[in-house]
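Enquirer: First the structure, then my questions, so here it is.
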Amino acid sequence: MTADGTAQEPLTDSGGEDSGKGSGKGSGDGTGGGRPVRGGWVGALSLANLGVWVGWFGPLQLLLARQAELLAPDHKASALALVTGTGAAVSMVANPVFGALSDRTTARAGRRIPWVLGGVAGGAAGLLVLARASTIAGVTAGWCLVQLALNAAFAALTAAVPDQVPAHQRGLVGGWLGVSQVVGILLGTALATAAGTVAAGYAACAAFTVLAALPYALMRRDTRLAPADRPAFRLRAFLAGFAIDPRRHPDFGWAWLTRFLMNLSYSVSTMYLLYYLTDAVHYRGDADEGVLVLTALNTCTLLATVVVGGIRSDRTGRRRVYVIGSGLAISAATLLLAVWQTWTGAIVASLVLGVGFGVYTSVDFALLTDVLPTAEDHGRDLGVVNIANALPQVLAPVIAAPVVARLGGYTALYLLAALLALAGSVLVRRIRSVP
């Protein structure tokens, strides 16, 4: 944005070319920057995103489960549910609030970068609190801090896509963000496993999360908002902005609902993966290593499809058919976990799940950016979208714990996950404005 706040100043990559000239408030048609983004920026954005996912999934895949097992061995499932559910509740509020705050930020560095840096620093601090926690209450407090801070960074990173990426590249960029997500899950699991102790695992994840964000921040490519253009803050209007009417924006409403169902399926099916291996599969080796193997296999097939799926969606201009097909694959994978409870079955399910989530991750993100309600509030609107990611983490423990304990065990749990994914796939057809 120029000194008088009338237009965004040119954003440059390492080659010095303009990367888009939309206004600081967005392009008005929701298409993002006018010129294609280049590889250096996409790589730095993806690396920062990878760091956030390491900070989340090192704990979620192993460390929190192990800590719950150490601190409350007789009630490990309910203790883990308390910790993850409380943290997810914080995430559900934090993401849209920090997204909206980044929309209104007038820092010289830009609207998003300050929240990325502050978020990863706070997330690392929360991980170090977890490393020293000796009670379930302390673990809950540390995890809430991690969720609060890393959601600030994540909200800012995702909002940069509709800010700066033209619509015809969003499947591609969504694909690379999907790569960073799944590699982050794998790397977080690997760091947690290789560190040797729970405390060392948290420290390793904290260090990586901070270091991964630095290249993106150092590029200093961000949209800026002049102080004169920032609307006056009114609490009632600020809060009312989060209530997006699905009757006025039906495609956004259906896109939100389908993402919620798919993420609820994923949360229900992965929350107790460690316990699934020990209690249902009766895995004979180290269960931590078993989780790592399944995550690695899932990553292989996901990486094989995530970028390709996004590119093909961009080239064909079609989104829905890819989202529907990927959802059916996810449903099939969770059904396998329900009916084939062996180590071989878990391997096959992980491979199929990777195929489904690879395509889904890239194309559904592109679809969502195509149906955002306003060009001025990308951070807020994507924050509302991310409630569909966080709310399932709140509901999953409430749903999964009684299903496992009293309503049919792991067979019933994974049948439920399959039905949720199937419903999410079918309802994508209700989205009309995107082919």
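Enquirer: Which number do you get for Rg(Cα) / (2.2 N^0.38 Å) in the range 353-412?
Expert: 1.55
Enquirer: Could you put 363, 281, 173 in order, starting from the residue whose Cβ has the fewest other Cβ atoms within 10 Å? Each step should come with its number before you reach the end.
Expert: Values: 363 30, 281 19, 173 27.
Final ranking by Cβ density, sparse to dense: 281, 173, 363.
Enquirer: Below 8 Å, C-alpha to C-alpha, sequence gap of six or more: please give me the relative contact order for the chain in percent.
Expert: On the way: 882 pairs, mean separation 111.6, N = 435.
Relative contact order, the chain: 26 percent.
Enquirer: Which order do the peptides 245-253, 320-328 come out in when sorted by mean C-beta neighbours inside 10 angstrom, highest first?
Expert: 320-328, 245-253
Enquirer: Sticking with this structure for a sec: Mind sorting 105, 84 by how few other Cβ atoms lie within 10 Å of their own Cβ, fewest first?
Expert: By the 10 Å Cβ count, ascending: 105, 84.
Enquirer: If you take the charge dipole of the chain about its Cα centre, with +1 on Lys and Arg Cβ and -1 on Asp and Glu Cβ, which of 246, 105, 165 is farthest toward its positive end?
Expert: Toward the positive end, the furthest listed residue is 246.
Enquirer: For a footprinting-style exposure proxy, rank 378, 75, 282 by other Cβ within 10 Å, fewest first.
Expert: 282, 75, 378
Enquirer: Another question about this same structure. What do you get for the angle between helix 76-103 and the principal long axis of the chain? Use alpha-carbon atoms, 0 to 90 degrees, nearest ten.
Expert: 0
Enquirer: Which Cα, out of 180, 331, 277, lies furthest along the positive dipole direction of the chain (beta carbon charges, K/R +1, D/E -1)?
Expert: 331
Enquirer: Right, here's the next one. Angle between the Cα long axis of helix 113-132 and the longest principal axis of the chain, 0 to 90 degrees, nearest 10?
Expert: 20
Enquirer: Magnitude of the Cβ-charge dipole of the chain, K/R +1 and D/E -1, about the Cα centre, nearest 20 debye? Kindly include the intermediate steps, with their values, before the conclusion.
Expert: Numbers: 32 positive and 24 negative charges, 146 e Å.
Charge dipole of the chain: 700 debye, to the nearest 20.
Enquirer: Still on this structure: Just to confirm the number: angle between the C-alpha axis of helix 320-339 and the first principal axis of the chain, 0 to 90 degrees, nearest 10?
Expert: Its long axis makes an angle of about 20 degrees.
Enquirer: Relative to the Cα centre, what is the charge dipole magnitude of the range 131-272, using +1 at the beta carbon of each Lys and Arg, -1 at the beta carbon of each Asp and Glu, and rounding to the nearest 20 debye?
Expert: On the way: 11 positive and 5 negative charges, 62 e Å.
Around 300 debye, computed over the range 131-272.
Enquirer: Give the peptides 121-128, 341-348 in descending order of average Cβ contacts within 10 Å, highest first.
Expert: 121-128, 341-348
Enquirer: Suppose every K and R has +1 on its Cβ and every D and E has -1 on its Cβ; what is the size of the dipole of the range 321-435 about the Cα centre, in Debye to the nearest 20?
Expert: Charge dipole of the range 321-435: 380 debye, to the nearest 20.
Enquirer: Would you please name the trypsin sites (Lys or Arg not before Pro) within the range 194-230 that are DSSP coil residues with at most 15 other C-beta atoms within 10 Å of their C-beta?
Expert: Those satisfying the criteria are 220.
Bear in mind that the values in this text are calculations on the coordinates, not laboratory data. Computed from a prediction, not measured in an experiment: that's the story for all the values here. Note: ideal-geometry Cβ built from the backbone for every residue, glycine included; neighbour counts use all protein chains shown.
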